[in-house]
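Taking it in order: structure first as structure tokens, then the write-up.
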Amino acid sequence: MISILSRRIASLIVTLIVVSLLIFVVMDLLPGDPAAVMLGTSATPETLAALRSQMGLDQPLAFRYLAWLFGVLHGDLGQSYTYGVPVAGLIGERLSVTLPLALMAVVLSIVIAVPLGVAAARRHNGIVDFVAGLFSYLSIAVPAFWVGLLLIIGFSTKLGLMPAGGFPGWDAGLWAGFKALIMPAVALALSQAGVLTRVARTSVLEVMSEDFVRTARAKGLSDRAAIWGHALPNALIPVVTMIGLQFTFLIAGAVLVENVFNLPGLGRLAYQALSQRDVVVMQDVVLFFSAMVIIMNFLVDLAYLAIDPRLRAAG
Amino acid sequence: MSRSIFRAAGGHGVLRRSVLGLALAAGVAFVAPQAYAAAKTSVTIGMAIEPTGLDPTIAAPVAIGQVTWQNIFEGLTTVDETGKVQPQLAESWDISPDGKTYTFKLRKGVTFHNGVAFDSAVAKFAIDRARGADSVNPQKRYYSSIESVETPDASTLVLKLKQPTGSLLYWLGWPSSVMVEPKSADDNKTTPIGTGPFKFVSWAKGAKVDLAKNPDYWNKSADVKLDKAEFRFINDAQAQAAALTAGDVDAFPEFGAPELVDSFKGSDKLATVIGNTELKVVAGMNNSRKPFSDKRVRQALMMAVDRAMVVEGAWSGLGTPIGSHYTPNDPGYKDLTGVFPHDVEKAKALLGEAGYPNGFSFTIKAPQMAYAQRTSQILQAMFAEIGVTMNIETTEFPAKWVSDVFKGGNYDMTIVAHAEAMDIDIYARDPYYFNYKNPAFNEVMAKVEASSDPAEQAKLYGEAQTILANDVPALFLFVMPKLGIWDKKLKGLWENEPIPSNVLTKVHWEE
């Protein structure tokens with residue numbers, strides 16, 4: 001067990017370093033000089049040179065990479081070119097929006113999808129299954145930002161019940177923050193729930209046909225008890241994987257929804273940094289996203305080990 | 001009926017008290033909102049683009065000035081709502097007969113938001129900072145003619161110039177020329193300190209900037225009505241519309257989507273105010289590259305364009321066609337759209353004369369913005385009518401566009417909205433991305449600088465416009481409208497935009 005863990009952690013660290021190098025090189029290859037972008041259409045060559053040297057862009061690539069990596073390892077993510085403030089603070093501020101949003105969306109999609117998927121599996125080929133299938137297809141096909149627009153038109157513009165967008169900040173109160181996030185969370189959750197419903201349904205169906213469930217039923221357990229007590233825990237592995245994947249997707253993929261609802265989240269920060277060629281912010285945000293994905297995968301692996309004792313033995 | 005209720009109430013103390021209480025509450029509720037509305041002294045202004053930093057003297061983006069100029073920062077001079085130069089921190093000035101010495105009388109009793117007094121030493125610092133060797137001022141060339149800055153006494157500032165510079169007073173009114181003081185200058189990017197009617201309060205990155213009234217503002221006659229102002233940044237046009245309708249935002253002085261403007265017409269709450277900006281949409285051509293090096297080709301392309309149709313298709317009919325690189329806001333504006341009006345037959349004939357009877361094909365590098373993409377598509381169809389094939393290559397703005405087109409000069413045609421006010425002199429700059437070289441034009445621009453007489457300058461600007469209209473270094477298309485949408489009770493916002501800004505000095509609520 002210990003050896004599995006240490007091996008996984010070592011590969012985690014190596015992956016992160018390789019990824020950081022890749023990010024740095026790719027960002028450097030992007031067309032567009034950040035200094036030129038800042039100066040705009042009246043830049044003269046001298047002003048450009050002055051700004052480039054202020055920004056440290058005249059240093060060699062390897063030097064800049066090592067300086068960045070050294071900083072990141074010491075918790076110094078550098079300064080944003082455009083905002084002129086430390087990037088760590090920026091990412092922190094944005095996470096206070098994106099993280100609760102993603103969490104709310106994940107919880108909502110689980111609440112919708114797991115019961116629906118189980119019900120569809122139990123009444124497999126019945127009317128519930130059909131409705132669940134329809135819901136899945138629709139929610140996968142309809143983009144989250146569009147659902148968001150509909151929600152705004154319905155609940156904000158027409159009914160005036162909800163704020164149309166923006167984020168008041170958590171210091172405005174928990175309820176105000178929650179109100180600002182609930183519609184975007186619903187928009188995100190709906191499209192995620194579709195995928196999750198299908199995974200849950202398939203997975204429960206598979207497990208239900210296995211011997212141990214049949215044995216449980218033969219022992220005289222009710223359908224309900226057999227599913228919730230025996231089938232579901234075993235059907236959880238693919239569902240947990242999916243949730244793990246979705247969570248990283250939600251954090252990274254909230255760009256459009258954050259735009260529609262005008263939320264100052266991480267997705268919008270990344271988008272803005274890219275168009276402004278705020279290279280430092282881009283590097284840090286992409287590294288953060290990558291680290292999230294890598295660490296999530298790591299955690300999903302750990303969850304497997306916890307759920308399925310056979311994997312522990314095999315390791 | 002009423003008697004029995006009264007009696008019942010009289011019979012039960014608790015009930016009576018609660019009825020009284022209710023009546024009181026109702027009375028308060030009835031009075032309170034009116035009292036509140038009459039005293040409304042805050043405003044929320046929507047902007048599409050968040051500024052990058054809050055110091056207009058070190059970075060170019062227009063949004064920086066739109067938050068800070070005239071609100072937080074002020075200059076020696078300023079530009080008013082009609083585009084005219086007015087005194088500000090310089091109360092008056094004297095120009096020597098040879099046009100090379102400017103003596104400014106500075107206003108007394110002005111302090112910065114951090115308490116530092118404004119005087120000639122501060123003004124000298126600000127100007128030297130803008131023109132110095134390490135300066136990254138986006139308009140550094142404005143100060144290139146300044147030879148020395150002298151401070152004979154605390155309220156006198158003397159600028160000695162290398163040569164007469166007729167636009168100097170106008171340039172000193174620009175966002176990039178605002179007065180900053182030595183102690184706070186380096187931090188203006190995040191915590192701007194100026195002399196203006198509003199103080200910076202906070203900046204929630206990605207969401208909003210808050211300002212509050214400066215109680216010590218020097219200009220008592222300005223009679224600033226607002227106590228608080230919030231600039232909220234909403235990029236998505238649908239979200240902008242929703243925020244206006246839901247009342248989250250009081251005004252969008254520059255609403256982003258012309259196609260949604262009609263949806264506000266007939267609203268009893270919101271006013272639609274359409275004015276002119278300084279944003280000139282022009283399709284620049286690489287004048288040093290074949291076939292655009294031939295004037296007849298450029299003229300033929302201009303005649304292939306139906307400007308009214310471009311405005312209709314690209315910007316929902318909102319916008320003003322132009323015939324040169326100049327807007328109706330600017331002094332000495334001439335309508336030159338008639339120089340090369342839409343005429344397919346003449347265009348074809350001219351192309352034949354230039355040696356392209358069967359047309360030619362080229363590529364336009366069009367930024368991703370909606371106006372640029374839509375205009376390119378319309379131009380493509382219009383050029384096809386005279387046998388010219390135009391391929392559209394989307395080029396990311398600003399990053400890739402700046403390196404490819406602006407710096408690299410590697411393009412045939414491009415399209416962009418030039419945001420700087422009074423920037424007709426870009427056609428005289430060398431190098432500049434059009435690669436347009438015309439000594440006659442440069443001479444007119446030099447004369448503008450040699451003169452400090454506004455009437456004379458206006459006449460010269462007329463000549464400059466005419467030269468460009470005939471030479472067509474770029475296809476002059478239209479001036480973007482200022483699509484102002486705001487609460488009907490909100491007054492005092494600028495309708496036109498002779499300089500990109502959101503001046504709040506006169507903004508107030510009216511019942």
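The values are calculated or read from the model by the stated rules, or taken from the named source; none is laboratory data. On a predicted model such as this, the values are computed, not experimentally measured, just so you know. As a convention, Cβ positions derive from the backbone with ideal geometry for all residues, glycine included, and neighbour counts pool all protein chains shown. Just so you know, the surface numbers come from the protein's heavy atoms only, side chains and all, with ligands and any DNA or RNA stripped out. Shrake-Rupley method; radii C 1.70, N 1.55, O 1.52, S 1.80 Å.
From the list B:287, B:235, pick out the single residue that is assigned to a loop (DSSP other than H, G, I, E, B), open to solvent by less than 40 Å² (accessible area, probe 1.4 Å) and under 30 Å from residue B:390 (Cβ atoms).
B:287
For segment A:32-45, give me each residue that is within 8 Å of chain B (Cβ to nearest Cβ), more than 21 Å from residue B:279 (Cα to Cα) and surrounded by fewer than 19 Cβ atoms within 10 Å (Cβ to Cβ).
A:44
Only one of B:273, B:261 is part of a strand (DSSP E or B) and of a type in the set (Val, Ile, Thr). Can you tell me which?
Residue meeting the stated conditions: B:273.
Where the second residue is outside any loop (DSSP other than H, G, I, E, B) and the first is open to solvent by 10 Å² or more (accessible area, probe 1.4 Å) and lies in segment B:172-189, which pairs have Cβ atoms under 6 Å and are six or more apart or on separate chains?
The qualifying pairs are B:175/B:65; B:175/B:69; B:182/B:125.
Within segment A:112-155, take every residue that is surrounded by fewer than 22 Cβ atoms within 10 Å (Cβ to Cβ) and small (Gly, Ala, Ser) and give me the one that is nearest to residue A:234 (Cα to Cα).
A:119
Looking only at segment A:219-258, count every residue that is more than 29 Å from the chain's Cα centre (by Cα) and not in a helix (DSSP H, G or I) and tell me the total. Talk me through it step by step, then tell me what you get.
Looking only at segment A:219-258, we keep the residues that are more than 29 Å from the chain's Cα centre (by Cα), and these are A:219-227, A:229-230.
This time we only want the ones that are not in a helix (DSSP H, G or I), so: A:219-222.
Number of matching residues: 4.
Every residue in segment B:63-95 that is assigned to a strand (DSSP E or B) and open to solvent by less than 10 Å² (accessible area, probe 1.4 Å), please. Quick ask: steps written out before the conclusion?
Taking segment B:63-95 and keeping what is assigned to a strand (DSSP E or B), we get B:69, B:73, B:77-79, B:85-87, B:90-95.
Those that are assigned to a strand (DSSP E or B) and open to solvent by less than 10 Å² (accessible area, probe 1.4 Å): B:69, B:73, B:77, B:79, B:90.
Residues are listed down the side, and each one gets a yes or a no for (1) out of contact with any Pro (no Cβ under 7 Å at 6 or more places or on another chain); (2) in a strand (DSSP E or B); (3) surrounded by fewer than 21 Cβ atoms within 10 Å (Cβ to Cβ):
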| site | (1), (2), (3) |
| --- | --- |
| B:323 | yes, no, no |
| B:331 | no, no, yes |
| B:336 | yes, no, yes |
| B:346 | yes, no, yes |
| B:352 | yes, no, yes |
| B:373 | yes, no, yes |
| B:376 | yes, no, no |
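Would segment A:270-281 turn up any residue that is away from every other protein chain (no Cβ under 14 Å), farther than 30 Å from residue A:119 by Cβ and in contact (Cβ under 8 Å) with a residue 24 or more places away in the chain?
No, the conditions are met nowhere in segment A:270-281.
Every residue in segment B:263-272 that is open to solvent by less than 30 Å² (accessible area, probe 1.4 Å) and at pLDDT 95 or above, please.
Within segment B:263-272, B:270, B:271 qualify.
When segment A:162-179 is examined, which residues are found to be open to solvent by less than 20 Å² (accessible area, probe 1.4 Å) and either without any contact (Cβ under 8 Å) to a residue 60 or more places away in the chain or over 15 Å from residue B:206 (Cα atoms) (or both)?
A:164, A:169, A:177
Could you check segment B:204-223 and list, in sequence order, the residues that are in contact (Cβ under 8 Å) with a residue 40 or more places away in the chain and open to solvent by less than 20 Å² (accessible area, probe 1.4 Å)?
Correct list: B:206, B:209, B:211, B:214.
In segment A:78-182, which helices (runs of 4 or more DSSP H) lie fully inside it and hold 2 or more residues that are farther than 30 Å from residue A:201 by Cα?
On the way: elements: A:87-122, A:127-141, A:144-151.
Per the criteria, A:87-122.
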